[in-house]
Amino acid sequence: MEKQIVGVANSKGGTGKSTIAIHLACCALETGVNVSLVDTDAQGSVKDWANVRPDSMETPNVVCNNDPYSIHVTIERLEDELIVVDSPAGLSEITGEVLGLSDLVLVPIMPSVLDLWGVGEFERVLEEQAQEGLEVVLVTSKYDHASTLSEELAEYLSEEYPEYSHLEYGICDRVAYKRQMGQGQTVLEGNDARAKNEVRRLYHDINDLLHE
Ligand SMILES: Nc1ncnc2c1ncn2[C@@H]1O[C@H](COP(=O)(O)OP(=O)(O)OP(=O)(O)O)[C@@H](O)[C@H]1O
Ligand SMILES: [Mg+2]
């Protein structure tokens, strides 16, 4: 099977990139897919999560490299079917490299106008990479399921960025993510059924886009 590389990126901080990268990798793992999870953020959220993950739990192959000059070698050497790459906030060289290496990039966006402002430079880089063949997928992250902000954001994004894919369902703001991640776990090992469903649906939707 051909190797697929999924980057998770947004120059805005705290939009749920690392949380989504970890959950995607673990969803792949539970369906029997071999997966590597690459941490390119010096902050090391994925590495920290993996370090506290209980030994009894199946874990993706975690690799850390935040060097823009050697990241392509690291990723090329990985032989898993799926490579999920978490990237840092801001717009450093490493993010450009991750976008260049990815087949698909997932961009988690929070439903707040403040999160749409100030990403101009990131938008430009995304556009350049999309012209080179990168599939850009926008997903709503950390949204309140009781409000209509998410639908409003979806409407705005599809008008503003008709050239990108938009996932109909995203990831809600749920305590389960915070609780499970702090213990080196994912919501798949917790007891919030709605959280489990939404991460599995996200993985399923991404998988469909990868194999279209
Ligand atoms: N769906 C969610 N529901 C509730 N809390 C969340 C959710 N996703 C992420 N968080 C919390 O929000 C914070 C930021 O999440 P995360 O680290 O995944 O974002 P990030 O985009 O990787 O941040 P950074 O830009 O700093 O790398 C963390 O405290 C995390 O636990
Ligand atoms: Mg992060």
Name the single residue, out of those in the range 167-185 being over 22 Å from Thr148 (Cβ atoms) and either touching a residue at least 60 places away in the same chain (Cβ under 8 Å) or not basic (Lys, Arg) (or both), that is surrounded by the most Cβ atoms within 10 Å (Cβ to Cβ). Gln180
Please find, among Ile171, Ile83, the residue that is under 24 Å from Ala50 (Cα atoms) and within 12 Å of ligand 1 (Cβ to nearest atom). Ile171
Failed criterion for Gly118 (all others in (1) touching a Phe, Trp or Tyr at 6+ places or on another chain (Cβ under 6 Å); (2) modelled with pLDDT under 95 hold): (1)
Name every residue in the range 29-52 that is part of a helix (DSSP H, G or I) and surrounded by 24 or more Cβ atoms within 10 Å (Cβ to Cβ), in order of residue number. Val46, Trp49
Within the range 1-48, restricting attention to residues that are farther than 19 Å from Leu134 by Cα and acidic (Asp, Glu), which residue is farthest from ligand 2 (Cβ to nearest atom)? Glu30
Suppose the filter is in contact with a Ser or Thr (Cβ under 8 Å, 6 or more places away or on another chain) and crowded, with 16+ Cβ neighbours inside 10 Å; does Ala21 pass it? no
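The values are calculated or read from the model by the stated rules, or taken from the named source; none is laboratory data. These numbers come from a predicted model, not from an experiment. Ideal geometry is used to build each Cβ from the backbone, glycine not excepted, and the neighbour counts take in all protein chains shown.
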